[in-house]
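Report on one structure; see the data block that follows.
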Amino acid sequence: MKSDRQNARIVQIDANNAGQRIDNFLMNQLKGVPRSHVYQLLRSGQVRVNSGRKKPLYKLKLDDKVRIPPARINSGDTAAIPDTVINLIEASVLFENDELMVINKPSGIAVHSGSGLAFGVIEALKQKHPEQFLELVHRLDRETSGCLLIAKSRNTLTWLHDLFRDEERSGLGKYYLALLAGQWQGSNTINAALKKNVRSGEHMVEVDKEGQHAISHFETQKIYPQYSLVEVKIETGRTHQIRVHAAHAGHPVVGDKKYGDNKANQAAKKIGLKRLFLHASRIELPANQATRNKALIVEAPLSDELQNLLDKLDS
């Protein structure tokens, strides 16, 4: 992508364009600009009609004055997201209404592009629904699966961000299932601040009293000879929080190549585990207009790979 640095221009609508939807008009005016970006220009108010904002379905009138801002031109280097990925994500929707969406994010797909990744969940959804407001509410590690919240309106995004900023008191509930190395008995709360560092060129998170406040509650679900299945409720959403807290307690998440135990990882790999065993199993939201004024609980089932592994451990 490269930027068109020309100044914004004003186009007065003539008889040839009167009656046309503004989104279609802009597609013709901004040749080569991705459709999703055209809708973003409309949503953000960078496109103006007679100095006011308009929705994509607005039909232009004779002599309307349309402000068209500078826009990115598609130089051919934008990654086309495969239909197989888009279809997988769409098939993973657990809950959806006019205000929000919860998907069971597959392991191995990032939530957004960056750090060498051409696309993620949010780019795939926007490519499929370019006319719809869609924004990530929070993040999951690329290898973590499970409940991921997507806002479908600005007001809902603001409300959900407020919940996440005060997770300990807002009524938000985020629960995970994790398979840990060793035998974790009963309940345990880890209250240990976390700090990001770079070691040998690799970004790491470490327990550090000078870091950010972080609390995780671990509750044992089942004990195996070499592993423990636990449910984790987090009151804060720090980067790699569960993984670092589990490792700090001496029971790292199985399949974790960054903070994990190599021996436990290799043993799990021999019986079929090829990924991190960390899954955002449930999310709870308090009553709000976005949830039709009822508390909302959404659960994400384990993938076949994780469930098959537990079945093998049971047998």
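The values are calculated or read from the model by the stated rules, or taken from the named source; none is laboratory data. Values in this document were obtained by computation on a predicted structure and should not be read as measured data. Cβ coordinates were reconstructed from backbone atoms using ideal geometry, including for glycine residues, and neighbour counts include every protein chain displayed.
A few remarks follow.
- Which numbered condition Lys61 misses (of (1) modelled with pLDDT under 90; (2) within 13 Å of Gln12 (Cβ to Cβ)): (1)
- Residue among Gly171, Gly114, Gly146, Gly120 that is in contact with an Asp or Glu (Cβ under 8 Å, 6 or more places away or on another chain) and among the small types (Gly, Ala, Ser): Gly171
- Residue ID - modelled with the lowest pLDDT, chosen from residues in region 276-295 that are in contact with a helix residue (DSSP H, G or I) (Cβ under 7 Å, 6 or more places away or on another chain) and not hydrophobic (A, V, I, L, M, F, W, C): Asn288
- His112 vs. criteria within 29 Å of Ser303 (Cα to Cα), surrounded by fewer than 18 Cβ atoms within 10 Å (Cβ to Cβ) and in contact with a Gly (Cβ under 7 Å, 6 or more places away or on another chain): yes
- Test result for Ala151, buried (at least 21 other Cβ atoms within 10 Å of the Cβ), among the small types (Gly, Ala, Ser) and more than 26 Å from Lys263 (Cβ to Cβ): yes
- Here Ala280, Ala300, Ala287 are screened, and the one residue that is in the same structural domain as Met101 (by TED's automatic domain parsing), of a type in the set (Gly, Ala, Ser) and more than 14 Å from Ile103 (Cα to Cα) is Ala287.
- Boolean, Asp141 is out of contact with any helix residue (DSSP H, G or I) (no Cβ under 6 Å at 6 or more places or on another chain), buried (at least 16 other Cβ atoms within 10 Å of the Cβ) and not assigned by TED's automatic domain parsing to the domain that holds Phe277: no
- Remark: pairs (first residue in region 247-258, of a type in the set (Val, Ile, Thr); second residue in a loop (DSSP other than H, G, I, E, B); Cβ separation under 6 Å; 6+ apart in sequence or on different chains) = Val254/Phe277.
- Selection from region 25-51 of residues that are of a type in the set (S, T, N, Q) and exposed (fewer than 15 other Cβ atoms within 10 Å of the Cβ): Asn28, Ser44, Asn50, Ser51
- Qualifying residue in region 270-280 (condition: in a loop (DSSP other than H, G, I, E, B) and more than 20 Å from Pro106 (Cβ to Cβ)): yes
- No other residue among Ala290, Ala295 is surrounded by 13 or more Cβ atoms within 10 Å (Cβ to Cβ) and hydrophobic (A, V, I, L, M, F, W, C) apart from Ala290.
- The condition (being polar (S, T, N, Q), in contact with a Lys or Arg (Cβ under 9 Å, 6 or more places away or on another chain) and at pLDDT 90 or above) is satisfied by just one residue among Ser153, Ser145: Ser145.
- Summed over region 164-202, the residues that are out of contact with any His (no Cβ under 9 Å at 6 or more places or on another chain), surrounded by fewer than 13 Cβ atoms within 10 Å (Cβ to Cβ) and either over 30 Å from Ala295 (Cα atoms) or of a type in the set (Lys, Arg) (or both) give a count of 8.
- Unique match (being polar (S, T, N, Q) and either touching a His at 6+ places or on another chain (Cβ under 9 Å) or at pLDDT below 90 (or both)) among Asn97, Asn87, Asn24: Asn24
- Members of region 214-254 found to be part of a loop (DSSP other than H, G, I, E, B) and either outside the structural domain of His279 (by TED's automatic domain parsing) or more than 15 Å from Thr144 (Cβ to Cβ) (or both), listed by number: Ala214, Tyr224, Pro225, Gln226, Glu235, Thr236, Ala249, Gly250, His251
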